[in-house]
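The structure appears right after this line, and notes come after that.
The values are calculated or read from the model by the stated rules, or taken from the named source; none is laboratory data. Treat the numbers as computed from the prediction; the structure is a model and nothing was measured. Neighbour counts are summed over all protein chains in view; Cβ atoms, including those assigned to glycine, are modelled from backbone coordinates with ideal geometry. Accessible surface is based on the protein model in full, side chains and every heavy atom, while ligands, DNA and RNA are left aside. Shrake-Rupley method; radii C 1.70, N 1.55, O 1.52, S 1.80 Å.
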Amino acid sequence: MQETIVSVNNLKTYFYTNQRCNKAVNGVSFNIKRGKTICIVGESGCGKSVTATSIMQLLPKLSRIEEGEITYYSERGPIRIDQLDKNGKEMRAIRGSEIAMIFQDPMTALNPVYTVGFQIVENLRTHMNMTKKEAKERAIELLKDMGIPMPEKRFNQFPHQYSGGMRQRAMIAMAMSCNPKVLIADEPTTALDVTIQAQIFELMDKLKKEYDTAIMMITHDMGVVTELADEVQVMYMGSVVESGTADEILRSPAHPYTKALLSSIPVLGKGKSQIIEPIKGSTPDPFNRPEGCQFGPRCDYFTKECLKMPGDIHIDGIHYTRCWHYRKVMNHE
């Protein structure tokens, strides 16, 4: 059985507005593997969510996949997702059942005019051969599994009658309803407090262990990466600047951006004497990008060499980076 379930190769997704082109995702490659969690990390606007919506074929009208391949290795054989019609029968059959997504904002992802129960039942009946009664029982069971109190009553309620955290759980229940092969989680715990966050990560971990589900997690939070990730991709301005196992990246970051991300979070137990370094400067304008390495204007290691973007440099194992000065970064020079 093939280990990789979705492979993304040299993906370029561009947005077109007012005769201008924003290269939101610019040559991204990675593999999502069965029973593993891959975390995509980076600041807002670096292309994480666009990568996820490209895989789901849910891109807005003024954008398109310009180059690259997205291959889903299904039980029926490899399927080139980037070549499917986004509203076609085949893509609609895959979306929601085999590849599911938990969106960042549950308020906009759930339809306000239908009850939560109806929306879960609709998903179950579309993708699984179930009667109305079976689907209702399964939906109530899912709500209960998500830790929603009084699931029978909540089944008939509308999204506005749920709290933010409960809406997010209902959204996760819907995504997990068909036991998908691939689960894409776009910052699934943004709206939640820490205890609920821990419960949801436990649920996702359970799904991974029981059904061998592959998980692609998009996050800002390095704490989440430490807890959940098997592999990590660090994105900046539409490109992957560093990739490797969670251990390789957290213990020995080889790109100044990864290092800056890790320095900008407080460490539990170090007390108030610890120095938290914010990343200097701000993300450049995507329509007016710097020459060469995109992180250059914000980087302490910047030299003339950086005016040319380096290719992938292999460090060891599956650890790659795109930085001319990776040795200095790793040796803390």
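Scanning for something over 14 Å from ASN9 (Cα atoms), in a strand (DSSP E or B) and either free of Cβ contacts under 8 Å to residues at least 12 places away in the same chain or not aliphatic (A, V, I, L, M) (or both), does the stretch 54-71 turn up at least one residue? Yes.
Scanning the stretch 16-34 for residues that are open to solvent by 40 Å² or more (accessible area, probe 1.4 Å), in a strand (DSSP E or B) and under 19 Å from ILE81 (Cα atoms) yields ASN26, SER29, ASN31, LYS33.
Considering only residues of the stretch 76-93 that are touching a strand residue (DSSP E or B) at 6+ places or on another chain (Cβ under 7 Å) and part of a helix (DSSP H, G or I), which is surrounded by the most Cβ atoms within 10 Å (Cβ to Cβ)? Explain how you work it out, then say what you get.
Filtering the stretch 76-93 down to residues touching a strand residue (DSSP E or B) at 6+ places or on another chain (Cβ under 7 Å) leaves 78-82.
Still in the running and part of a helix (DSSP H, G or I): 81-82.
Values: ILE81: 23, ASP82: 20.
Here the residue is ILE81.
Quick one: in the stretch 129-165, which of the residues that are in contact (Cβ under 8 Å) with a residue 12 or more places away in the chain and among the acidic types (Asp, Glu) is most open to solvent (accessible area, probe 1.4 Å)?
Start the filter on the stretch 129-165 by keeping residues that are in contact (Cβ under 8 Å) with a residue 12 or more places away in the chain, which leaves 135-136, 138-140, 142-143, 145-148, 152, 154-160, 162, 164-165.
In the following step, the residues that additionally are among the acidic types (Asp, Glu) were identified as 145, 152.
On the way: ASP145: 79, GLU152: 116 Å².
So the residue we want is GLU152.
Report the residue count in the stretch 182-224 for those that are on the phi > 0 side of the Ramachandran plot and surrounded by fewer than 17 Cβ atoms within 10 Å (Cβ to Cβ). Total meeting the criteria: 1. Close contacts from the stretch 286-302, counting a first residue that is of a type in the set (Lys, Arg) and a second that is surrounded by fewer than 16 Cβ atoms within 10 Å (Cβ to Cβ), with Cβ to Cβ under 6 Å and a gap of 6+ residues or different chains, come to ARG298/LYS280; ARG298/GLY281. Annotation for the stretch 98-121: at least one member residue is at pLDDT 90 or above, in a helix (DSSP H, G or I) and surrounded by fewer than 18 Cβ atoms within 10 Å (Cβ to Cβ). Quick one: is SER239 touching a residue at least 60 places away in the same chain (Cβ under 8 Å), in contact with a helix residue (DSSP H, G or I) (Cβ under 6 Å, 6 or more places away or on another chain) and surrounded by fewer than 22 Cβ atoms within 10 Å (Cβ to Cβ)? No. Quickly run through the stretch 1-36 and pick out the residues that are among the β-branched types (Val, Ile, Thr) and over 18 Å from THR71 (Cα atoms). Scanning the stretch 1-36 gives a single hit, THR17. Picking from residues in the stretch 35-68 that are buried (at least 18 other Cβ atoms within 10 Å of the Cβ) and among the charged types (D, E, K, R), the one that is farthest from LEU261 (Cα to Cα) is LYS36. Considering the stretch 122-150, the residues that are assigned to a helix (DSSP H, G or I), under 24 Å from the mean Cα position of the chain (by Cα) and hydrophobic (A, V, I, L, M, F, W, C) include one that is farthest from ILE196 (Cα to Cα), namely LEU124.
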